[in-house]
Each structure stands twice: as C-alpha cells, then as structure tokens.
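Values quoted throughout were computed directly from the atomic coordinates according to the rules given, and no laboratory measurement underlies them. Quick caveat: nothing in here was measured; it's all calculated off a predicted structure. All Cβ positions, even for glycine, are placed from backbone atoms using ideal geometry, and neighbour counts span all protein chains on display.
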Amino acid sequence: MLAFIGGTGLTRIEGLTLRKQHAITTRFGEASAPVAEGELNGAPVLFLARHGDPHVRLPHQVNYRANMLALKEAGATEIVAVNAVGGISVDTGALVLPEQIIDYTWGRDGTFFDDPDEPLVHVDFSWPFDAALRERLKGALAAAGAPWVDGGCYAATQGPRLETAAEIRRLEQDGNTIVGMTGMPEAVLARELQLPYAMLSLVVNPAAGKADREITMAEIEAVLHGGMARVRAVLAALAAHHPRP
Ligand SMILES: CSC[C@H]1O[C@H](OP(=O)(O)O)[C@H](O)[C@@H]1O
C-alpha cells in the first residue's frame with residue numbers, strides 16, 4: 001500500500017476517507033501517532049503524522065524506527081515523505097524532488113541492525129531515493145500542475161534550532177540545495193526495511209543568511225498554507241494513478 005509521511009504543516013490529509021486507525025507499538029516503542037488507513041482518490045493509502053497529531057515531537061525526538069516499522073506493519077509497500085525545508089539554492093514556495101541526502105544529524109537511533117545476535121546488513125545507500133517512485137511523483141506533479149525542481153541534495157541537520165549563516169555556507173559548499181531536520185534517519189530506515197522511499201519537499205523559507213532578515217515562524221506558516229495545498233493535490237494525483245490491487 002502507498003504510504004505518506006506528513007511533516008510540518010501536513011498533520012492530516014483532507015480528502016482521505018478514513019477506514020481504520022492502526023495504533024501500533026513496535027519493539028522500539030510507539031509511533032508518533034496511529035497510522036491512518038483510508039482511501040484517497042479511490043486508492044488505499046496509509047498516512048502517518050511524523051511529529052504526531054497534534055505536532056508535538058521535535059525532529060530530534062521523533063522515534064523514527066517506531067514510525068517506519070509501524071508503517072511497514074500496517075502494510076506500507078512504498079513511502080512518500082513530505083518535508084518542509086529551507087532553501088539554500090532553491091526559491092521559497094518551490095516543490096523539490098531531491099535526489100541525494102547528506103546526514104549531519106547526531107545521536108539518533110539510525111539503524112534496525114542493533115542486535116549483535118542478528119545478521120548485519122550494510123545496505124547500499126548510493127541512491128537514497130527510489131527512482132521509479134520519483135518518476136511517478138514527477139507524473140503526479142505534472143498532473144497537479146505544480147511546478148517543481150527535479151533533483152538536488154537535502155541536508156539533514158539536527159535542529160531544533162535553525163542553522164547559522166556560516167553553517168548554511170558550509171552546507172552549500174558540500175553541495176546541498178535544501179535543508180531540513182527529519183530526512184535522516186528516516187530515509188535509511190526505509191532502505192533497511194526495503195521500502196521504496198522518496199521525498200517531496202516544500203521550501204518554506206530562505207535558509208539562514210540567504211535573505212537579509214531573520215527567519216520567522218509567521219513567514220514559514222504563510223508559505224506552508226498554500227504550499228501544502230499543492231502538496232495535497234500532488235499526493236491525490238499520485239494516488240489516482242496508483243496501481244490498484
Ligand atoms: C521551522 S519549521 C522546522 C521543522 O519543519 C520541518 O519538519 P518536517 O521535515 O517534518 O516537515 C523541519 O525538519 C523541522 O522539523
């Protein structure tokens with residue numbers, strides 16, 4: 001089943017006809033919220049609010065392992081993750097389908113392979129996002145009439161504070177084009193579970209130092225409002241073209 005993870009500004013999906021709530025406790029603890037199962041545009045889908053509903057868990061407090069395992073146990077076979085991001089070299093308001101990711105987070109539980117008695121797998125992560133799912137997302141973006149930026153690199157920072165201007169300069173030198181706080185370890189946990197995973201990011205502010213003003217939650221919320229409406233339209237288009245069981 002197609003699954004969506006909603007982040008900042010996407011705690012619920014309008015248009016989702018709710019069928020079931022999976023309140024799953026995994027061996028790593030509880031997911032941020034029950035996994036909602038329903039129908040979107042006639043397709044069965046799952047939805048999980050990454051930070052909980054209401055949004056209470058900060059990016060470093062999200063139990064990423066529980067979230068990903070709960071989605072798998074609820075029947076997810078592929079995941080589209082939605083993220084609000086700062087734009088390093090991408091304009092505010094743009095939708096982005098990143099192709100790469102760099103992990104700057106620390107201290108997060110970032111693997112399922114933590115049991116010395118279980119066989120260890122060093123997963124290949126050269127291409128973190130599933131190519132076929134990205135192609136379908138491009139079709140959905142086109143169907144929804146939403147312009148997007150194809151490619152680029154997501155910098156996953158620790159948060160919850162925003163970055164300094166010098167940190168953003170360094171992230172840019174590293175090749176990052178957008179910055180957020182939740183892409184890792186979420187993306188690699190999906191890979192470890194062998195779940196195709198792709199990110200759909202909405203740029204909600206110029207990253208630190210990219211505009212000569214402070215970043216405020218008010219400006220972010222203003223962009224989130226219209227931006228997440230476009231994201232919902234893209235997810236609905238993706239569901240509409242999803243192969244039926
Ligand atoms: C200033 S908002 C920061 C907040 O928004 C992003 O959340 P998500 O990736 O779940 O959409 C970012 O990672 C931070 O958690």
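Exposure here means at most 11 other Cβ atoms within 10 Å; with trypsin sites (Lys or Arg not before Pro) in a DSSP loop as sites, the longest stretch of the chain lacking them is 28-160. Close amide H pairs (under 5 Å, H built 1.01 Å from N) link residue 77 with 2, 3, residues at least 5 positions away or on another chain. Counting only chymotrypsin sites (Phe, Trp or Tyr not before Pro) that sit in a DSSP loop (anything but H, G, I, E, B) with at most 16 other Cβ atoms within 10 Å, what is the longest stretch of the chain containing none of them? Longest run free of exposed loop sites: 126-245.
Entry note, the chain: relative contact order of 27 percent, from Cα contacts under 8 Å with a spacing of 6+ residues.
Say the dipole of the chain comes from +1 at the beta carbon of Lys and Arg and -1 at that of Asp and Glu; which of 25, 92, 63 then lies farthest toward its positive end? Working it through, the farthest residue towards the positive pole turns out to be 92. For residue 101, nonlocal amide neighbours, meaning residues 5 or more places apart or on other chains whose placed amide H falls under 5 Å from its own, are 154.
Taking all C-alpha pairs of region 2-240, those more than 23 Å from each other amount to 45 percent.
Ranking 16, 75, 116 by Cα position along the charge dipole of the chain, where only Lys, Arg, Asp and Glu carry charges on their C-beta atoms, puts 16 farthest toward the positive end. Amide H to amide H, with H built 1.01 Å from N, residue 26 comes under 5 Å of 31, counting only residues 5 or more places away or on other chains.
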